[in-house]
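Chemist: This is the structure I want to talk about, given as structure tokens.
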Amino acid sequence: MKAPQGWAVVENRLMREFAFPDFKEAKAFVDLVSDLCEAMDHHAELHFGWGYAVVETFSHDAQGITQRDLDLASAINKAEGSE
């Protein structure tokens, strides 16, 4: 399994940190990712603060990374403009 561009496999999860110029843009990104998660019915763990957001995704039922995680990461990359 190859992680999408910019993503790393950390403890059986896909993880990526995104940088932003301020809190408002980080929050707007988290809102965008939240909408993608809802649309795909696959909910990532989101952590954010001033100038950053971290997204972690894994499939609880599989206790690891599945195609759903890869698809979500790719969708986030596309929405963010890095794919």
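Chemist: State all residues of region 37-69 that are farther than 22 Å from Asp22 by Cβ, surrounded by 13 or more Cβ atoms within 10 Å (Cβ to Cβ) and out of contact with any Ser or Thr (no Cβ under 9 Å at 6 or more places or on another chain); if no residue qualifies, say none.
Modeler: Met40, Glu56, Thr57, Gly64 - these are the residues of region 37-69 that are farther than 22 Å from Asp22 by Cβ, surrounded by 13 or more Cβ atoms within 10 Å (Cβ to Cβ) and out of contact with any Ser or Thr (no Cβ under 9 Å at 6 or more places or on another chain).
Chemist: Now for a different question. Given the structure, is Pro4 outside any helix (DSSP H, G or I) and without any contact (Cβ under 8 Å) to a residue 40 or more places away in the chain?
Modeler: No.
Chemist: Now for a separate question. If Leu46 satisfies every condition in (1) in contact with a strand residue (DSSP E or B) (Cβ under 8 Å, 6 or more places away or on another chain); (2) assigned to a helix (DSSP H, G or I); (3) among the aliphatic types (A, V, I, L, M) but one, which is the exception?
Modeler: Among (1) in contact with a strand residue (DSSP E or B) (Cβ under 8 Å, 6 or more places away or on another chain); (2) assigned to a helix (DSSP H, G or I); (3) among the aliphatic types (A, V, I, L, M), Leu46 violates only (2).
Chemist: Out of Ala73, Ala28, Ala79, I need the residue that is touching a Leu at 6+ places or on another chain (Cβ under 7 Å), surrounded by fewer than 16 Cβ atoms within 10 Å (Cβ to Cβ) and in a helix (DSSP H, G or I). Which one?
Modeler: Ala79
Every number here is computed from the coordinates shown, using simple stated rules; none is lab data. Just so we're clear, the structure is a prediction, and the values are computed from it rather than from any experiment. A quick note on method: Cβ atoms are made from the backbone with ideal geometry, for glycine too, and the neighbour counts reach across all protein chains shown.
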